[in-house]
Structure formats: C-alpha cells, structure tokens
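The values are calculated or read from the model by the stated rules, or taken from the named source; none is laboratory data. From a predicted model like this one, the values you see are computed outputs, not experimental measurements. Note that each Cβ is placed from the backbone with ideal geometry, even for glycine, and that neighbours are counted across all protein chains shown.
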Amino acid sequence: MAAIASDVVFEGPVGRRRARVFARRNLTLVAGSVVLLLLALSAVAAPLWTSRDPQAMSPSVRLKAPSAERPFGTDHFGRDVFARTLYGGRISLRVGVIVALLALTTGTGIGLLSGYSRRLDSVVMRVVDGLMAIPSILLALALMALVRASVETVIAALVVPEIPRVVRVVRAQVLTLREQTMVEGARAIGAGTARVLLRYILPALVAPLIVQGTHICASAILVESYLSFLGAGTPPHIPSWGNIMAEGRTYVQLGVWIILFPGLFLMLTVLSINLIGDGLRDLLKV
Amino acid sequence: MVVVALVVFGLLRLTPGDPAAVIAGDYATPDDVAKIRAKLGLDQPLPVQLSLWFGNVLRGDLGTSIFSGLPVTTLIKQRIEPTVALAALTMVIAITLAVPLGVLAAWKQGTWIDRTVMVFAVSGFSMPVFWLGFLLVWVFAVQLGWLPVQGYSPLSRGLWPFLRQLILPALTLGFVYVALITRMTRASMLSVLREDYIRTAHAKGLPPAVVLLRHALKNAGLPVVTIIGVGVALLIGGVVVTESVFALPGIGRLTVDAILRRDYPVIQAVILMVSGVYVLINLAIDLLYLVLDPRIRY
C-alpha cells in the first residue's frame, strides 16, 4: 500500500492528469469509493439532511406515499422513512466495518499460528472445516438465538462465521511464504518465530487481507439484514436497514416504499464495497 | 461430518438458556422444571448426552422435537418437498440463465454488453434476497396480479399450481446464484479463449458459435461446475430467507422456528443434514470432474 500511495501524487497540473489516468484505469475502484463516501456521509451527517427524528411517531400521517415533504414516505407508525434510512445507515455501516476488522484480526492471528505450527494446524483446520460446512446465515442465527439481541451480540454472531474464511486465506499464504528464502535467511540471522511472523510474513499478507476485508464488510451488512429480517437481529428500537425492512414487510401491499428505500441504500452500499474490493484486487494484483 | 456434529452440539449446549424452563412456562415450580429436564435427558452429564445422541444418529434416529413432540425425522419428511422443489427449480433457472450470459460477456469482452452483464452480476450478490423477493411480489403479484403472493401447492395437486407458486421464490433465490455462475463462466471462458487451439479453430474457418460452444465452453466447464457446488452453501442460506418471504412450509422455516425456540434436537438434526447435503453435493461434483475432464484420475 505504501508503494502505491507514494507514486500516486494528485497535485498540480501533472498530478491532475495522473489522477484522470488512474481513475480511468481503476474505474470500478473510483466509482465504488465515490458512492460509498456519499453514502457514509449521508449516514454520519444525517441530522444535516433531515430535521426529523427517526423514532418520532405521528399516527396522523401513517403509511403516506413519498412526497416533496417526505421524500421516502412514512411507515405504519407515521415515522419518516427518509430519516430512518439515513440513521439506519449508521448502524449498518458500523456493523460492517467492525465485523470486518474483528474477523480480520482474529482470523489473521489464528491463521498465522496455525500455518506456522504443524501440531496446532491439524486441530485448527478440522474446526475450521467444520465451521465452514455450516452455512453462515444458519450459524449466525443459531448464535443469536443463544444471547440477548443487541448491536454487540449481532457483531459477535457475524464475526464467528467469517473467521474460518480469513484463517484459510492466511494459512495458505503462510504455508507458501515460510518455505521462501527470505524466511530462511531471517532465521539464519537469528530472528525468532514472533519476529518472522510479524516482520516477514505479515506484510506480505496485507494486500489479500484488505481485499478479503471488503468482502467481509459487504457480507456482514447483508447478513445483518437477514438476521433482522428473521427476527434475530438488531433490536427494534435501533433502526438498521435490516430491521426497518423487517418491520415494513407486513405493509408491502400498502406501502412498498418502507422496504424499497432502505433496501436500495443497502444494495448501493454493498455494491460499492464489492466494487472497491474488485478494484483493489486488480490494483494490488492479489 | 463428525466435526460438524461436535461443533453444533458444543455450541448449543455450552451457552446459557434452558429449554426445560421455557417449556415449563413462567408459573412452574423448580420441581416441574427438574422433571421436564429429566424427561428430556438434559440432566445427564454432557458426555453422556453427547454419546447417546451420537449413537442414535448413527442408527438413523435424530431425536424428538422438544416442542412438538414429533420425531425429527418425521418433521423433516413433512417439510422437505417445498425445499427440494425450490432448490432444484432455482438451480435449473440459474444455470440456464447464467451460463449463456457468462459466455456472451466473455465473447463481447470490454463492450457495453460485457459491462452490463458484469454490473448485473455484482449487483446480484449485493442485494438482500428478501428485499428482491418483496419487490418481485409487489410487481408481479400485487400490481400486475399475474402470480400468487405467497404459499405453496404440493406437486400432488397438479404441476401448474405448483409451478405458479414456486416461480417467484425461485427467481428471487436464483438471482444471487445467477450472479455467481455468470462471473465464473465469464472468467473461465476468458482464460480459455486466449488458448492457441481457439485461434486454430478460428483459423480453420469454423463459425464463431461452434468455436465458442464446442471448443471453448467445454473446456471452461470445470471451474463453473466447481462454483455451482460451492454456491450450494449460498443457496441453502438463501432458502431459509426465501421460504420466510413466500411462506413456504419448508426446511428453512423449520430451522428458523427451531432456532428461535431453542429446539435443540431439531437444530442439531437440520444443521447436520444440511452440512451433510453440502458435503455430498461437493463430493458428487468431484466425481463429475472425471466425466468432464478425462485427464483427471483419482
């Protein structure tokens, strides 16, 4: 990453041309980043876009279709869907990012150790294989049934199914890297296991892990919405895109907009994250 | 499989929550709860519970549902038809749509056709299945009135009503799968199209369609078949959600209900079965390689 950052400087007239060339070559990456940035801004700066409270109920304006005054309409309690969608983005994006970070760090830790120690490896890989054979939605759902629903437990339930995937990627890389001369050389000059793992092997893993992280983030946002939809996700008093849609499901015939707009935002978010992931994969040649 | 069984068992038992207390209700005395627990065998030490369950599974007895009191095998038998029907129809739709799309995109690489197909493919696994399901219901069932909103009609009551009920769920679920297979087909075709023998085939003056389908697609088939197998996991997850949207009385509904009620025997049995099916399908695909590529030997 450092190498990329240093040879791309977008200042001055030459820089601007370079930026254009960069953007044309990495169309998906740039387009994804721009859309995601806009969506993240709309969520973070939600109070600037709407003065309405996402939780305020006004029964007199129940199930109103979108209008100039209420661009996304209102739901069955008369809550403003536009405000709810913007605020919902905060939860969904936070869940996605935190899940990706947690899964990456734990997965990398386990993967590094298991790739390096044969004895640990056989045990870890059996558990990983076992976990991977269970579809992640079912696993997350089963975990959620065991604990009280809150944003933290949702995050934990989403992290667990993702860890094995990270472990796999990391372990595979470690297995090939540890046979390379640079590792042998490091050992020869007296580097300990921890030093070899952290200073020699970890840096080579950064690129594939970043790409993996975008995919985890995208899938976490999606699976959170599935959990909410099935009644085992974020508690109803915290609006996330998932549970706004879950509440709107009974009113599809009366007000399709309740479910349409949060879903559209969710889709754009996940789509842009996936595009960033694909773009990064091409850019970093993973 | 043994590991899956162990993981599922461990996960469910080591976490707090007592089904006996849930069944007994709020007004039960501790004595009642203890009685129920004894009846369910939950008072035994964990290793005993585990070995009992294992032995029964090997004999084909998956236990009895804590809530309905019916054997789990009966429950699964009752619910299996809609699920298998949905999964099968989805696969058929997905493969017939995705492979031609992928071939088309690879053939027209770099053109707007290619780009449209790819955007379509990425958006396919960027949207929640249930959201797509509700939108399709809204358009085709509510607005146009062409298809029924929800429900299921068993095959025994006629093919036409059966298909009418399943077409929307299968389209919904198929979208993700189409996206996955299209991407793989395109990537695989692109790498094959660079091969020398493709150039030779063109040079011989064969029509492009023949080169594309007989020479390229046949050799691009392996990764596509692999991804179809890997995608089964995705399909299973999607089935759970799709059955909820369309109120299909299938395995997915059974699982969700069981999980929300902590019906241990049912959860264990279903997850075990689902993982088993997944492993079996991927084994079948490994064997299919032998047919598709005579160079592979085991």
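Quick check on the stretch B:222-232. Is at least one of its residues among the polar types (S, T, N, Q), assigned to a helix (DSSP H, G or I) and more than 11 Å from chain A (Cβ to nearest Cβ)?
To start, the set of residues in the stretch B:222-232 that are among the polar types (S, T, N, Q) comprises B:226.
Now narrow it down to the ones that are assigned to a helix (DSSP H, G or I): B:226.
Pick out the ones that are also more than 11 Å from chain A (Cβ to nearest Cβ) and you get B:226.
Yes, the conditions are met somewhere in the stretch B:222-232.
Inspect the stretch A:119-131 for any residue being under 30 Å from A:Ile91 (Cβ atoms), facing chain B (nearest Cβ under 10 Å), of a type in the set (Val, Ile, Thr) and surrounded by fewer than 19 Cβ atoms within 10 Å (Cβ to Cβ) and give the result as yes or no. Spell out how you get there, then give the answer.
As a first pass, look at the stretch A:119-131 and keep what is under 30 Å from A:Ile91 (Cβ atoms): A:128, A:131.
Of the ones still in play, those that are also facing chain B (nearest Cβ under 10 Å) are A:128, A:131.
Next, from what is left, pick out any that are of a type in the set (Val, Ile, Thr): A:128.
Imposing the further condition that a residue be surrounded by fewer than 19 Cβ atoms within 10 Å (Cβ to Cβ) reduces the set to none.
No, every residue in the stretch A:119-131 fails to be under 30 Å from A:Ile91 (Cβ atoms), facing chain B (nearest Cβ under 10 Å), of a type in the set (Val, Ile, Thr) and surrounded by fewer than 19 Cβ atoms within 10 Å (Cβ to Cβ).
Condition test on A:Leu271, is it at the interface with chain B (Cβ under 9 Å from one of its Cβ atoms) and either in contact (Cβ under 8 Å) with a residue 12 or more places away in the chain or assigned to a helix (DSSP H, G or I) (or both)? Step through it out loud before you land on a result.
Working: at the interface with chain B (Cβ under 9 Å from one of its Cβ atoms): yes; either in contact (Cβ under 8 Å) with a residue 12 or more places away in the chain or assigned to a helix (DSSP H, G or I) (or both): yes.
It is true that A:Leu271 is at the interface with chain B (Cβ under 9 Å from one of its Cβ atoms) and either in contact (Cβ under 8 Å) with a residue 12 or more places away in the chain or assigned to a helix (DSSP H, G or I) (or both).
Just checking, does the stretch A:243-251 include any residue being surrounded by 24 or more Cβ atoms within 10 Å (Cβ to Cβ), more than 8 Å from every other protein chain (Cβ to nearest Cβ) and either farther than 26 Å from B:Ala233 by Cα or in contact with a Cys (Cβ under 8 Å, 6 or more places away or on another chain) (or both)?
Yes - at least one qualifying residue is present in the stretch A:243-251.
Could we say that A:Leu112 is farther than 25 Å from B:Gly231 by Cβ, surrounded by fewer than 22 Cβ atoms within 10 Å (Cβ to Cβ) and out of contact with any Ser or Thr (no Cβ under 8 Å at 6 or more places or on another chain) here?
Working: farther than 25 Å from B:Gly231 by Cβ: yes; surrounded by fewer than 22 Cβ atoms within 10 Å (Cβ to Cβ): no; out of contact with any Ser or Thr (no Cβ under 8 Å at 6 or more places or on another chain): yes.
When the stated conditions are applied, A:Leu112 does not pass them.
For B:Thr172, all conditions in the list (1) more than 14 Å from every other protein chain (Cβ to nearest Cβ); (2) touching a Leu at 6+ places or on another chain (Cβ under 6 Å); (3) among the β-branched types (Val, Ile, Thr) hold save one; what is the number of the exception?
B:Thr172 satisfies all of (1) more than 14 Å from every other protein chain (Cβ to nearest Cβ); (2) touching a Leu at 6+ places or on another chain (Cβ under 6 Å); (3) among the β-branched types (Val, Ile, Thr) except (1).
Any residue in the stretch A:160-180 that is free of Cβ contacts under 8 Å to residues at least 12 places away in the same chain and among the polar types (S, T, N, Q)?
The answer is yes; a qualifying residue exists.
Of everything in the stretch B:254-264, what is surrounded by fewer than 24 Cβ atoms within 10 Å (Cβ to Cβ) and either more than 10 Å from every other protein chain (Cβ to nearest Cβ) or without any contact (Cβ under 8 Å) to a residue 12 or more places away in the chain (or both)? Give them in sequence order.
The answer is B:Asp257, B:Leu260, B:Tyr264.
Any residue at all in the stretch A:228-235 that is in contact (Cβ under 8 Å) with a residue 24 or more places away in the chain, β-branched (Val, Ile, Thr), outside any helix (DSSP H, G or I) and under 20 Å from A:Leu101 (Cα atoms)? Before you say what the answer is, go through the steps one by one.
Pass one, the stretch A:228-235, residues in contact (Cβ under 8 Å) with a residue 24 or more places away in the chain: A:230, A:232-235.
So of that shortlist, the ones also β-branched (Val, Ile, Thr) come out as A:234.
Remaining after also requiring outside any helix (DSSP H, G or I): A:234.
So of that shortlist, the ones also under 20 Å from A:Leu101 (Cα atoms) come out as A:234.
Among the residues of the stretch A:228-235, at least one is in contact (Cβ under 8 Å) with a residue 24 or more places away in the chain, β-branched (Val, Ile, Thr), outside any helix (DSSP H, G or I) and under 20 Å from A:Leu101 (Cα atoms), which makes the answer yes.
Can we say B:Tyr298 is assigned to a helix (DSSP H, G or I), aromatic (Phe, Trp, Tyr) and at pLDDT below 80? First the steps, then the outcome.
Working: assigned to a helix (DSSP H, G or I): no; aromatic (Phe, Trp, Tyr): yes; at pLDDT below 80: yes.
No; evaluated as a whole, the condition is false for this residue.
Being facing chain B (nearest Cβ under 8 Å) and modelled with pLDDT of 80 or more is the filter here, so list the residues in the stretch A:228-241 that pass it. Walk me through how you get there before you give the answer.
So in the stretch A:228-241, the residues facing chain B (nearest Cβ under 8 Å) come out as A:229-232.
Within the stretch A:228-241, A:Phe229, A:Leu230 qualify.
Return the only residue of A:Ile155, A:Ile201 being away from every other protein chain (no Cβ under 13 Å), in contact (Cβ under 8 Å) with a residue 12 or more places away in the chain and under 30 Å from B:Val266 (Cα atoms). Before you say what the answer is, go through the steps one by one.
Numbers: A:Ile201 fails: under 30 Å from B:Val266 (Cα atoms).
One residue alone meets the criteria, A:Ile155.
Just to be sure before I move on: is B:Trp131 at the interface with chain A (Cβ under 7 Å from one of its Cβ atoms) and free of Cβ contacts under 8 Å to residues at least 24 places away in the same chain in the structure I sent?
Details: at the interface with chain A (Cβ under 7 Å from one of its Cβ atoms): yes; free of Cβ contacts under 8 Å to residues at least 24 places away in the same chain: yes.
In short, yes.
Looking at the structure I just gave you, is B:Leu272 surrounded by fewer than 24 Cβ atoms within 10 Å (Cβ to Cβ), facing another protein chain (nearest Cβ under 10 Å) and farther than 27 Å from B:Ala187 by Cα?
Considered against the rule, which asks whether it is surrounded by fewer than 24 Cβ atoms within 10 Å (Cβ to Cβ), facing another protein chain (nearest Cβ under 10 Å) and farther than 27 Å from B:Ala187 by Cα, B:Leu272 comes out as yes.
Scanning for something of a type in the set (S, T, N, Q), under 19 Å from A:Val223 (Cα atoms) and touching a Lys or Arg at 6+ places or on another chain (Cβ under 9 Å), does the stretch B:242-251 turn up at least one residue?
The initial filter retains those residues of the stretch B:242-251 that are of a type in the set (S, T, N, Q), namely B:242, B:244.
Those left that are additionally under 19 Å from A:Val223 (Cα atoms): B:242, B:244.
Applying the additional criterion that residues be touching a Lys or Arg at 6+ places or on another chain (Cβ under 9 Å) yields B:244.
Scanning the stretch B:242-251 turns up at least one residue that is of a type in the set (S, T, N, Q), under 19 Å from A:Val223 (Cα atoms) and touching a Lys or Arg at 6+ places or on another chain (Cβ under 9 Å).
Would you check which residues across the stretch A:138-175 are surrounded by 24 or more Cβ atoms within 10 Å (Cβ to Cβ), under 16 Å from A:Asn243 (Cα atoms) and among the β-branched types (Val, Ile, Thr) and list them?
Within the stretch A:138-175, A:Val154 is the sole residue that qualifies.
Being surrounded by fewer than 17 Cβ atoms within 10 Å (Cβ to Cβ) and either β-branched (Val, Ile, Thr) or part of a helix (DSSP H, G or I) (or both) is the filter here; which residues of the stretch A:187-200 pass it? Full working, then the answer.
Of all residues in the stretch A:187-200, those surrounded by fewer than 17 Cβ atoms within 10 Å (Cβ to Cβ) come to A:187-195, A:198-199.
Residues satisfying the conditions are A:Arg187, A:Ala188, A:Ile189, A:Thr193, A:Ala194, A:Arg195, A:Leu198, A:Arg199.
Answer with yes or no whether B:Leu288 is under 20 Å from B:Ala88 (Cβ atoms), touching a residue at least 40 places away in the same chain (Cβ under 8 Å) and buried (at least 23 other Cβ atoms within 10 Å of the Cβ).
Details: under 20 Å from B:Ala88 (Cβ atoms): yes; touching a residue at least 40 places away in the same chain (Cβ under 8 Å): yes; buried (at least 23 other Cβ atoms within 10 Å of the Cβ): no.
It is false that B:Leu288 is under 20 Å from B:Ala88 (Cβ atoms), touching a residue at least 40 places away in the same chain (Cβ under 8 Å) and buried (at least 23 other Cβ atoms within 10 Å of the Cβ).
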